[in-house]
Amino acid sequence: MSEKVVNLTNENYGEYIHGETPIVVDFWATWCGPCRMVGPVIDSLADEYDGKMAVCKINVDDMPDVAAEYKIMSIPTVMVMKNGEIIEKAVGVRTKEEYKNMIEKAL
């Protein structure tokens with residue numbers, strides 16, 4: 001995982017989710033095969049958008065309350081958020097270009 005990806009926890013997620021900086025949030029789990037396919041794409045986005053937005057991951061097994069709050073029913077789910085509001089959401093594996101198109105709407 002890229003050093004630029006932030007693993008969100010119960011202690012730090014509020015400052016990212018509700019912050020002014022746009023964020024990408026990848027809801028995932030270690031046992032999820034498609035999540036492992038999306039992981040390297042998320043890592044490359046973190047490198048590419050460094051300084052422009054935060055790229056974060058939430059392990060749904062570690063944070064089930066947050067997953068429930070955002071009604072995450074399937075993983076991987078990737079959301080682009082700004083000021084605590086969901087700008088874009090994609091469920092399942094997408095291409096890097098599709099994720100970039102989502103991100104551009106928040107910048």
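The values are calculated or read from the model by the stated rules, or taken from the named source; none is laboratory data. Since this is a predicted model, take the numbers as computed values, not measurements. No Cβ is skipped: glycine too gets one built from the backbone with ideal geometry, and neighbour counts run over all protein chains shown.
Listed values, structure above:
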item: Condition broken by residue 107, with the remaining ones in (1) at pLDDT below 95; (2) assigned to a helix (DSSP H, G or I); (3) of a type outside the set (D, E, K, R) satisfied; result: (2)
item: Close pairs (8 angstrom Cβ cut-off, 6 or more residues apart or separate chains): under 19 Å from residue 34 (Cα atoms) in region 81-100, polar (S, T, N, Q) anywhere; result: 89/77; 90/77; 91/74; 91/77; 92/74; 96/44
item: Subset of region 1-49 (residues that are touching a residue at least 40 places away in the same chain (Cβ under 8 Å), among the polar types (S, T, N, Q) and exposed (fewer than 12 other Cβ atoms within 10 Å of the Cβ)); result: 10
item: Residue count, region 73-102 (criterion: more than 13 Å from residue 56 (Cβ to Cβ) and hydrophobic (A, V, I, L, M, F, W, C)); result: 8
item: Region 4-29, subset out of contact with any helix residue (DSSP H, G or I) (no Cβ under 9 Å at 6 or more places or on another chain) and hydroxyl-bearing (Ser, Thr, Tyr), residue farthest from residue 45 (Cα to Cα); result: 9
item: Among the candidates 100, 71, 105, residue that is in contact with a strand residue (DSSP E or B) (Cβ under 7 Å, 6 or more places away or on another chain) and basic (Lys, Arg); result: 105
item: Selection within region 12-59 - farther than 13 Å from residue 82 by Cα and modelled with pLDDT under 90; result: 13
item: Filtered residues of region 65-104 (kept if among the aliphatic types (A, V, I, L, M), assigned to a helix (DSSP H, G or I) and surrounded by 12 or more Cβ atoms within 10 Å (Cβ to Cβ)); result: 66, 67, 102, 103
